[in-house]
Amino acid sequence: MKAVRRILNKLFASRTLILRPEYHAVRDFVETVPERFAAGEGTLVYKGRNELRRMEYKGYDLVVKSFHRPNLINRFVYGIFRPSKAKRSYDHAILYQEIGVGTPAPVGYLNVRRGLLFDRSYYVTLASTCPYVYNDLFYQHFDYADEVVREIGRVTAVLHEHGYAHKDYGRGNILFQKTEEGIKIEIVDLNRMYIGPIDMKRGCKNLERLPATPHMHKLLAEEYAAARGFDEGECFRMMQAFRSVQPGKIDDLY
């Protein structure tokens, strides 16, 4: 009976909140995130299909991502069978932290539902201290740009060695800054991730959404190949090919 009661409580709970123990002080904040978004609280960071807002609460500098409401069929699927995008983002962030890959510190997430139908989910992190994104490398001068690219190659290799590949590894989802300890990289937008074996071909293809000059590809290939024990020249060739060929034509090359 207790097991049945737990399942029913899960199915019909209007809100489900998961919070890391060290952030207990912000529980009230996370519980009221939907109302805060509705009131336009905080600073708008991004608004599109999803919405990001930066907010302060009890001395914490927080970023909250509100995921869009799915269509009716997916509201039923997410309501019963699939984890929400906020939960996946939270779980993947913890996996990243466990292997030493940077991402804004996960605080928690909130799922909101109406009966059996899923409604919305919200993912909460500490705000990143990184002021730049990968795309800035093409519009601003950084005397340490090569260091940034090399570190991205190394970090990507760490992810792939552990069987993780970010499915939206694009120009806006890699943050960076230079610190006294070296280059700091943080990866965001973690809800879509491949988990499984990643060979050289799959690994190099994972970089296809990152724009890069031949020089940048060379640096990426050097670090990535060195970290994974691959042939540097072959990695460089694959990275350039994947970046220059239309989607759907990749397999014709190999």
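The single condition among (1) in contact with a strand residue (DSSP E or B) (Cβ under 7 Å, 6 or more places away or on another chain); (2) open to solvent by 20 Å² or more (accessible area, probe 1.4 Å) that Y109 does not meet is (2). A residue that is at pLDDT below 95 and either over 22 Å from the mean Cα position of the chain (by Cα) or under 27 Å from I174 (Cα atoms) (or both) can be found somewhere in region 14-24.
If the condition is being open to solvent by less than 80 Å² (accessible area, probe 1.4 Å) and within 16 Å of A105 (Cβ to Cβ), then region 23-60 contributes Y23, A25, V26, F29, V30, L52, M55, Y57, Y60. Scanning region 113-140 for residues that are without any contact (Cβ under 8 Å) to a residue 40 or more places away in the chain and among the charged types (D, E, K, R) turns up just one, D136. Among residues of region 222-243 that are modelled with pLDDT under 95, those with a beta-carbon under 7 Å from a residue that is among the aliphatic types (A, V, I, L, M) and open to solvent by 30 Å² or more (accessible area, probe 1.4 Å) at least six positions away or on a different chain give the pairs A241/L253.
When H92 is tested against (1) at pLDDT below 95; (2) in a helix (DSSP H, G or I); (3) surrounded by 19 or more Cβ atoms within 10 Å (Cβ to Cβ), only condition (1) is not met. Residues in region 214-228 that are of a type outside the set (D, E, K, R) and open to solvent by less than 60 Å² (accessible area, probe 1.4 Å): M216, H217, L219, L220, A221, Y224, A225, A227. Applying the criterion of being in contact with a Lys or Arg (Cβ under 8 Å, 6 or more places away or on another chain), in contact (Cβ under 8 Å) with a residue 60 or more places away in the chain and not in a loop (DSSP other than H, G, I, E, B) to the residues of region 185-219, the residue that is farthest from A157 (Cα to Cα) is M193.
Candidates in region 139-181 are the residues that are open to solvent by less than 30 Å² (accessible area, probe 1.4 Å) and in contact with a Cys (Cβ under 6 Å, 6 or more places away or on another chain); of these, the one that is nearest to L52 (Cα to Cα) is L175. Scan region 187-201 for residues that are touching a strand residue (DSSP E or B) at 6+ places or on another chain (Cβ under 7 Å) and either surrounded by fewer than 21 Cβ atoms within 10 Å (Cβ to Cβ) or small (G, A, S) (or both) and the total you get is 3.
Of all residues in region 105-133 being touching a Leu at 6+ places or on another chain (Cβ under 7 Å) and not in a strand (DSSP E or B), which is nearest to K58 (Cα to Cα)? Restricting to residues being touching a Leu at 6+ places or on another chain (Cβ under 7 Å) and not in a strand (DSSP E or B), the top hit is A127.
The values are calculated or read from the model by the stated rules, or taken from the named source; none is laboratory data. These numbers come from a predicted model, not from an experiment. Every residue, glycine as well, gets a Cβ built from its backbone with ideal geometry; the counts of neighbours run over all protein chains shown. When the accessible area is computed, the model is the full protein with side chains, heavy atoms only, and any ligands, DNA or RNA have been set aside. Shrake-Rupley method; radii C 1.70, N 1.55, O 1.52, S 1.80 Å.
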